[in-house]
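Only one structure is covered here, and it is reproduced in the block below.
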Amino acid sequence: MTFYLERPIAHRGLHDEETPENSMAAFSKAIENNYIIELDVHLSKDGIPVVFHDESLERMTGSRGKVSQYILSSLKKLTLEETEERIPTLNEVLEFVDGRVPIIVELKVTHHNGELEAQVMKSLYQYKGDFAIQSFNPLTLRWIREHYPNTVLGLLTTSDFSSTELGLGKKKVLQYMAFAPIIRPDYIGLDYKTFNIAQYYLIKLLTHGKIIFWTIDDLKLYEESRELCDNIIFEGFIPPEKN
């Protein structure tokens with residue numbers, strides 16, 4: 001059993017109505033419940049990896065603009081969902097978690113140039129705990145495989161590209177994981193709500209059956225999906241213990 005399959009994965013930490021996603025409080029709750037932590041990383045304007053999901057700040061902080069347009073000191077002035085929680089840096093999270101549970105770091109890369117990858121791996125290379133890197137961007141994962149070949153990698157895929165401006169060709173490349181033989185991902189993160197049978201069996205062929213479904217957000221979906229995958233990324237409920 002590999003570490004990223006041993007326990008359910010808490011999507012952006014174990015967050016709820018009172019505990020914001022990707023916050024220290026959400027990560028603390030995940031650790032208390034012994035869940036693997038999934039988190040998202042962007043670069044600040046001054047090149048610091050910060051833990052935040054959206055490209056835009058508005059949904060979580062009420063502020064306008066993008067994460068990449070603010071230096072770290074300005075980002076630190078913002079609060080998450082009207083709580084006392086603030087945007088953590090990746091280094092702050094690593095120091096806090098300190099290997100108590102595994103971490104899965106999703107790199108939010110729209111235009112790959114290696115900068116985010118290099119800064120994140122600079123921090124993770126010194127980290128003593130278990131970690132994996134996942135991304136939708138195959139170029140990001142290829143860069144990491146080339147520079148840090150022993151890193152556990154997860155290639156994320158979906159059949160829903162409605163929120164992107166990608167052309168049909170690029171959508172098909174991503175949907176059917178054309179880069180997988182080059183990246184050699186340890187697992188495929190598959191969108192449970194949109195996957196098709198062709199994707200599913202292609203994953204079985206490419207990754208020897210290592211499938212992690214995202215994002216499972218209620219017990220019914222969990223019960224439907226559990227026999228088809230090796231693990232889940234979840235939010236909005238507590239997965240029952242396996243018998």
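Please treat every number below as a calculation from the coordinates, not as lab data. Quick caveat: nothing in here was measured; it's all calculated off a predicted structure. Note that each Cβ is placed from the backbone with ideal geometry, even for glycine, and that neighbours are counted across all protein chains shown.
Summary of values
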{"item": "Sequence ranges 27-34, 86-93, ranked by mean other-Cβ count within 10 angstrom, highest first", "result": "86-93, 27-34"}
{"item": "Counting DSSP beta bridges with both ends in the chain, the antiparallel % (nearest 5)", "result": "15"}
{"item": "Top of M121, M24, M177 by mean-square fluctuation, Gaussian network on the chain, Cα under 10 Å", "result": "M121"}
{"item": "Cα-based convex hull volume of segment 33-163 per residue, rounded to whole Å³", "result": "128"}
{"item": "Beta bridge orientation in segment 11-135: antiparallel %, DSSP, nearest 5", "result": "40"}
{"item": "Cβ crowding within 10 Å averaged over residues, with 217-229, 51-63 ranked highest first", "result": "51-63, 217-229"}
{"item": "Computed [θ] at 222 nm, helices only, for the chain once each DSSP H run of length n ≥ 4 contributes -39500 (n - 2.57)", "result": "-8000 deg cm²/dmol"}
{"item": "Among I197, I216, I188, residue whose mean-square fluctuation peaks in a GNM of the chain (springs only between Cα atoms under 10 Å)", "result": "I197"}
